[in-house]
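Written out below as structure tokens is the structure these notes cover.
Read-outs: derived from the displayed coordinates by stated rules, not from any lab. The structure displayed is predicted, hence computed values, not measured ones. In this analysis, Cβ positions are derived from the backbone assuming ideal geometry, glycine residues included, and neighbour counts consider all displayed protein chains.
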Amino acid sequence: MTYNAKLLANKLSENFIVLQEIHVSLHAIHILQLNNEAAKNDRWTQEEDVLLDCAYKQFGATNYLALSLIVYSKSPAQVYQRLRYLRERAQSKVLSK
């Protein structure tokens with residue numbers, strides 16, 4: 001490979017990395033916008049509960065950021081509150097039997 005070809009390949013690689021960083025930033029902004037919209041309407045849908053349940057089984061309850069990215073319209077704090085509520089509800093069902 002000639003010097004010019006190597007230089008061009010390096011520049012393309014650098015530009016690709018910058019484009020990836022921009023894409024990640026735009027995705028994060030989109031998620032924040034969705035979270036802001038969801039904060040106005042704090043109710044959980046059945047689909048979100050199912051997503052949260054699947055994500056909880058996959059990642060556990062320690063990574064609320066990852067769980068909130070999967071349940072994309074909720075913040076980590078909302079995910080924490082919902083998991084706590086669902087655990088309390090499950091315990092009360094067991095105790096009532």
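In region 69-97, what count of residues is obtained for those that are assigned to a helix (DSSP H, G or I) and in contact (Cβ under 8 Å) with a residue 12 or more places away in the chain?
From region 69-97, those assigned to a helix (DSSP H, G or I) are 69-70, 76-96; that's our starting set.
Okay, now just the ones that are also in contact (Cβ under 8 Å) with a residue 12 or more places away in the chain, so 69-70, 76-80, 82-83, 86.
Matching residues across region 69-97 total 10.
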>> Anything in region 43-97 that is within 17 Å of Ile31 (Cα to Cα) and in contact with a Lys or Arg (Cβ under 8 Å, 6 or more places away or on another chain)? List them, or say none.
In response: Trp44, Glu48, Leu52, Ser68, Lys74
